[in-house]
Each structure stands twice: as C-alpha cells, then as structure tokens.
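Read the figures in this text as sums done on the coordinates, not as results from a lab. Worth saying up front: this structure is predicted, and the values here are computed from it rather than measured. Heads up, the Cβs are rebuilt from the backbone with ideal geometry, glycines too, and the neighbour counts pull from every protein chain shown.
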Amino acid sequence: MSTDNYNRPPLWFIIVIIVMMLPLFSWPFVMTSLDPADEDSTKWLMTVIFPIYAILSGYYAYKCYAQRKELSIILLCVLLLSYAAIGFYLYC
C-alpha cells in the first residue's frame, strides 16, 4: 500500500472551481437565444465550443493545484476573463 497521498486542493479552491462552473448551467438558455439562421457563423461555433473549454479549464485547475498552484489560479483567471469576453461577444 502506498503512503504517497494525492495532495487535493483545499476546500476553498474546490468551492471557487464549482462557482466558476455554475454559469454553465445557464448555457442551454444561451443556445436557445441564438438565431437558428446563424448556425454557420463564428458566434454559433464559439457558443458550442465554450462549455467544453470551461469544463476542461476547471478540471485542469483542479488536477494541477498540487504541483503548480500558480498555474491553477492563472487558469481560473483566464476562464473568468473568457466568461466576460463571451458575454460581450454574444450580447453586444
């Protein structure tokens, strides 16, 4: 049996990751608000790909926290900026 324990992130960091994932639950409403005629546009493509990016960012931030805390925080900051950018892109 291995005594090498996996260093889990602290509870506060897990809560931050979960909070960063909460806007994805409203993503079906964002998809329905798009015009069906725009399915060939980049706006539609970004709307489809963004949830995948957000989930992967949260997953990688969780996994790399034990070795590289700064990278985890940077990933979540970039995700937060991406939420702002996609909101600006879709609604302005």
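Summary of computed values
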item: Test item: Cα-centred dipole of the chain, Lys/Arg +1 and Asp/Glu -1 on Cβ, debye; result: 480
item: Folded to 0 to 90 degrees: helix 69-91 orientation relative to the chain principal axis, Cα; result: 10
item: Under 11 Å, Cβ to Cβ, from Pro9 - net charge with Lys/Arg +1 and Asp/Glu -1; result: +3
item: Signed unit charges on C-beta, dipole axis of the chain, positive-most listed residue Leu71, Leu11, Leu56; result: Leu11
item: Difference of contour (0.36 nm per residue) and Cα-Cα distance, Ala85 to Lys43; result: 13.9 nm
item: GNM flexibility winner over the chain from Ile73, Ile15, Ile55 (Cα, springs under 10 Å); result: Ile15
item: Rounded to 10°, Cα long-axis angle of helix 42-63 versus longest principal axis of the chain; result: 10
item: Theoretical gain in end-to-end length, Val78 to Leu24 [0.36 nm per residue, Cα-Cα removed]; result: 17.9 nm
item: Fewest-first sequence of Tyr83, Tyr91, Tyr65 by Cβ atoms within 10 Å of each Cβ; result: Tyr91, Tyr83, Tyr65
item: Max mean-square fluctuation residue, GNM over the chain, Cα-Cα springs under 10 Å, options Ser57, Ser72, Ser26; result: Ser26
item: Low-density loop cleavage sites - trypsin sites (Lys or Arg not before Pro) in the range 18-87, where at most 15 other Cβ are within 10 Å (DSSP); result: Arg68
